[in-house]
Amino acid sequence: MHFRPLHDRVVVRRIEAEEKTSGGIIIPDTAKEKPQEGEVVAVGPGARDDAGRLVELSVKAGDRVLFGKWSGTEVKIAGEDLLIMKESDILGVVETQAQLKQAA
């Protein structure tokens, strides 16, 4: 099944957090918090401005993003747990050093 979000909505797959702390302590499942980092799976075409023009989204499929702890709606699509949220719920895009060097 393929899912296409509408308007300024974004589909995000959570990226699982590390199971150990930097000191080597293993975190049990009951103490883990939901990850606030994810990968964009799909994006809608964009929102309309006051003049009716389509404004494209700033994120694209494949981007790693940070989002708020309570952002989005959890859904299960084709057996996979995903989040659907508005672009405004995304706090920012995580860029690697290689991506920053390419942009320069």
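For the pair Lys60 and Leu91, the difference between a 0.36 nm per residue extended length and the Cα-Cα distance amounts to 9.7 nm.
Summing charges over neighbours of Glu80, with a neighbour being any other residue whose Cβ is under 14 Å away from its Cβ, gives -1 when K and R count +1 and D and E count -1.
Taking label points 7 Å from Cα along the Cα-to-Cβ direction, Ile15 and Asp50 give a separation of 3.7 nm.
Label sites at His7 and Glu39, each approximated as a point 7 angstrom past Cα along Cα to Cβ, lie 2.9 nm apart.
Read the figures in this text as sums done on the coordinates, not as results from a lab. Bear in mind that the values here come from a model prediction, so they are computed numbers and not experimental data. Positions of Cβ are generated from backbone atoms using ideal geometry, with glycine treated the same way; all protein chains shown enter the neighbour counts.
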